Each structure stands twice: as C-alpha cells, then as structure tokens.
1. Quick one: would you say Ala297 is in contact (Cβ under 8 Å) with a residue 24 or more places away in the chain and crowded, with 16+ Cβ neighbours inside 10 Å?
2. Answer with yes or no whether Ser215 is away from the ligand (no atom under 14 Å from the Cβ), surrounded by 24 or more Cβ atoms within 10 Å (Cβ to Cβ) and assigned by TED's automatic domain parsing to the domain that holds Ala100.
3. When you go through Thr79, Thr87 one by one, which is the residue that is of a type in the set (Ser, Thr, Tyr), within 21 Å of the chain's Cα centre (by Cα) and under 30 Å from Val132 (Cβ atoms)?
4. Looking only at residues that are over 18 Å from the mean Cα position of the chain (by Cα) and of a type outside the set (Val, Ile, Thr) in region 349-364, which one is surrounded by the most Cβ atoms within 10 Å (Cβ to Cβ)?
5. Got at least one residue in region 306-322 being of a type in the set (A, V, I, L, M), within 18 Å of Ala381 (Cβ to Cβ) and part of a loop (DSSP other than H, G, I, E, B)?
6. Could you grab me the full set of residues in region 1-41 that are under 22 Å from Phe319 (Cα atoms), in a helix (DSSP H, G or I), of a type outside the set (A, V, I, L, M, F, W, C) and away from the ligand (no atom under 15 Å from the Cβ)?
7. Under the condition of being within 15 Å of the ligand (Cβ to nearest atom) and among the hydroxyl-bearing types (Ser, Thr, Tyr), which residue from region 159-208 is farthest from Ser233 (Cα to Cα)?
8. Do we find that Thr154 is touching a strand residue (DSSP E or B) at 6+ places or on another chain (Cβ under 9 Å), more than 16 Å from the ligand (Cβ to nearest atom), on the phi < 0 side of the Ramachandran plot and of a type outside the set (D, E, K, R) in this structure?
Amino acid sequence: MSESATLAVGAKVAAARAKGHDVVAFAMGEPDFDTPANIKAAAIAALERGMTKYAPTAGEKSAREAVAEKLSRENGIVTKAEQVTITVGAKHAIYMALQAIIEPGRGDEVLLPTPAWVSYKPLIELAGAKCVEIPGAVEHGFRITREQLAESVTDRTVGIIWNSPSNPCGVAYPAEEVRELCEELALHERIAIISDEIYEKLIYPEIVPELTHFSPGSLAALAHRTITVNGLSKSYAMTGWRVGYLAAPIAMAKEIIKLQGQMTNSIPSFFYPAIVEALTNSAEGVEQMRARFAERAKLMHIALESVPGIRSVAPNAAFYAFPDVSRHFGKTSPLGARITSAQSFADALLEEVHVAVVPGEDFGACARGNIRLSFACSEAAITKGVGRIRDWVTQLR
Ligand code: PLP
C-alpha cells in the first residue's frame with residue numbers, strides 16, 4: 001500500500017522543525033483548538049469512577065443511542081441504536097464499510113468523486129475493488145454532475161463514497177445538487193452509498209448564503225443501502241481521541257459489528273460518556289470553532305488570490321483550500337529545483353521557504369496540478385505562510 005500522503009508531509013514537517021526551521025504547516029487536517037473542557041471532564045470522571053473494562057464491541061448503549069438520536073434529529077436519518085457502531089475514528093468506519101460491501105475477486109467497482117481524501121482509494125483497493133474516479137472540474141467548484149455519475153455506473157458498481165463537505169476541496173455541495181445525484185443513485189439498486197459526513201458541521205453560509213448539509217441516508221429511496229459515517233475528530237477538535245461512528249441498515253450493521261469484534265473490539269470504555277456529552281451538550285463550543293474557521297476560510301482565499309499564477313476555488317466548508325498551481329510547472333525555483341509536478345512544487349516550497357502543503361497527486365488523477373492547504377491554523381500563520389508562498393512563486397523562472 002502507499003503511505004498516507006498527508007501523514008508523509010507531517011513527518012517531513014517534524015524533521016524540518018527538528019533541524020530548527022520555522023515551518024508554517026498547512027499540512028495536517030487537524031483543528032488547532034483544544035477539545036472543549038466539558039467533553040474532557042466527562043472522560044476524566046468516567047475514568048475516575050472506574051470505567052476501565054472492556055465495553056460491548058459496538059459501544060455502550062448510551063453512546064449508541066446518542067448517535068442514533070443525533071442522526072434522526074439533525075440529519076433526518078431515521079436510526080435505531082442497533083444500527084450504530086462506535087469506531088476507532090471515521091477512518092476505521094470507512095475501512096469496515098468498504099470491507100462489508102466489496103467481494104474480492106468479483107470485479108467490483110466503487111465510484112469516487114474526486115478530488116477526494118487520500119485514504120479512500122487505497123482502502124477501496126485493499127478491500128478488493130477497482131476505484132473508479134469521477135473528476136469534479138475546478139470550473140464547477142470541484143463538484144461532479146448527474147450526467148458524469150450516470151456515465152460512470154456499470155453493472156459492476158457496488159458502491160460510491162460520498163464526501164460532502166469535501167476534503168481536500170473545501171466545498172460542500174448545495175443540498176439540491178445532492179438530491180439530484182441521489183435521484184440517479186436511486187435508479188441503481190445494487191449501489192451502496194458510504195456517506196462520509198465528518199465535516200458536516202463546518203459549513204460557512206457566511207461565504208455561500210444558505211449553504212446547508214444534506215445527508216443521502218435521509219432519503220427513503222436510499223436509506224436501506226446507505227452507510228452514514230461521521231466522527232468527533234474535526235467538529236469537536238478530538239483528532240487524537242480516535243472516535244468515529246457509522247450507522248448502517250440493520251443487516252449490514254450486524255456484519256460490520258462482527259468484523260469490528262474481530263478487529264478492535266470497542267474503543268476505550270471511558271470515552272463513551274464523553275461522546276454523549278459531545279453529541280448532546282457541546283453545540284456552543286462547536287459553533288465558536290465553526291465561526292473561526294469561516295473567518296480563516298475568507299482570509300486564506302483572499303491571501304491565495306494575491307499569489308500570481310494560481311487558480312483557486314473559494315472554500316465554503318471544512319478547512320481546506322485546494323489551488324491549482326500547474327501554471328508554474330516547467331519553471332525553476334530560486335535555489336535551482338525544477339518544478340514539474342505538485343510533488344516537486346511542495347518539496348521545493350518546504351525545502352526553500354519552510355511552508356508545508358500536501359501535493360495533489362494522491363487526491364485523484366484530476367488533482368495532479370493542485371496543492372492542499374489546511375487553514376486549521378492561526379490567522380497569523382495563514383498570513384505569514386501564504387506571504388512566503390507569494391514571494392517564492394514570484395521568483396520562479
Ligand atoms: N474522512 C475524511 C474526509 C477526512 O478528512 C478524515 C481525516 O482527515 C477522516 C475521514 C478520518 O477521520 P478520523 O480522525 O475520524 O479517523
């Protein structure tokens with residue numbers, strides 16, 4: 001398997017910092033905020049009352065119920081607690097969902113609108129299917145169309161990974177476009193929908209008025225074949241806790257929970273009260289972080305627009321900008337590096353001016369000209385880092 005491109009850049013940043021360089025890191029998709037205090041307190045209290053034993057594989061009943069209620073109330077996905085399993089991050093949920101729908105050796109295909117998060121393709125392939133990319137054009141805000149979706153379906157298609165808001169695109173599909181794509185999916189009974197909604201709470205109507213999240217699993221025509229994935233990493237600043245969850249139709253959930261029982265068993269038992277606290281009593285903390293990210297999205301876009309020769313879609317969700325830098329390919333950097341790809345652009349940028357970005361190659365074939373910048377960092381870092389990029393790009397010859 002290939003190494004995760006984002007984690008690889010993270011390692012390079014650590015190495016550059018160890019050498020004493022002042023690195024501006026736009027690499028990791030990780031909020032710079034701390035986990036809200038009430039969520040931490042719930043875990044600490046649970047630990048202190050001795051919640052230290054094995055828990056049921058799919059999670060404590062109270063946490064599964066809190067997830068089911070959240071999905072029913074906020075997303076319109078009618079969910080019972082038995083359909084839910086709490087997982088080791090959303091990544092683990094996606095891994096298991098793919099293992100559940102793919103039959104190795106059968107020639108299965110899974111659709112993937114791209115640019116897409118780096119782990120989807122390796123996980124599709126690991127489960128034994130072919131990944132069929134559907135490229136979203138920059139001119140269309142990286143969003144795919146119904147026609148493209150219809151053309152990509154074959155009699156081997158068993159699933160689609162849906163991710164809105166998107167990493168790395170930093171955009172959410174308008175609800176009516178999701179509905180239109182779902183109408184197409186409703187025509188193909190064999191297709192399971194894995195909907196990764198981990199950025200659902202990070203949407204910025206400040207940038208695109210009335211932009212809202214829409215969950216495919218809320219549609220009656222798709223509910224019986226949709227696996228909704230989510231987690232606490234991004235919205236609650238809990239990346240290191242490793243807490244995700246999925247909700248699946250009951251027969252599929254049973255199989256997935258069997259797989260989890262053989263893989264990891266439950267997550268740490270004293271986290272369950274913290275999950276309940278996050279899902280039922282933390283809206284204010286989430287909103288404060290969301291509002292800050294919205295400000296940073298604007299700041300990042302304005303800063304990037306001042307960099308010569310790059311094309312950028314204004315981010316309206318998640319915490320990523322994904323500009324196209326391919327107009328600089330074929331040039332030479334101030335210290336003599338040949339810029340021939342997003343990878344060589346990112347390498348030279350880190351080496352020469354100590355700014356870390358993730359090259360686009362691993363986000364899909366259509367993303368080879370792009371770099372990803374995470375703005376889950378301070379406003380000062382955005383201004384300083386993009387300033388360095390601008391000065392460096394101006395010197396490319
Ligand atoms: N899905 C997407 C789109 C992501 O960007 C990430 C993390 O970067 C994940 C899933 C994994 O999240 P978790 O930390 O819950 O495993």
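The values are calculated or read from the model by the stated rules, or taken from the named source; none is laboratory data. Nothing here was measured: the structure is a model prediction, and the numbers come from that model. Note that we place each Cβ from the backbone using ideal geometry, even for glycine, and neighbour counts take in every protein chain shown.
1. Values: in contact (Cβ under 8 Å) with a residue 24 or more places away in the chain: yes; crowded, with 16+ Cβ neighbours inside 10 Å: yes.
Taking the combined requirement at face value, the residue satisfies it.
2. Values: away from the ligand (no atom under 14 Å from the Cβ): yes; surrounded by 24 or more Cβ atoms within 10 Å (Cβ to Cβ): yes; assigned by TED's automatic domain parsing to the domain that holds Ala100: yes.
So Ser215 passes the test.
3. On the way: Thr79 fails: within 21 Å of the chain's Cα centre (by Cα).
Sole residue among the options that is of a type in the set (Ser, Thr, Tyr), within 21 Å of the chain's Cα centre (by Cα) and under 30 Å from Val132 (Cβ atoms): Thr87.
4. My answer is Leu349.
5. For region 306-322, residues of a type in the set (A, V, I, L, M), within 18 Å of Ala381 (Cβ to Cβ) and part of a loop (DSSP other than H, G, I, E, B): present.
6. Listed by number, the list holds a single entry, Lys12.
7. Per the stated criteria, the residue is Tyr173.
8. So Thr154 passes the test.
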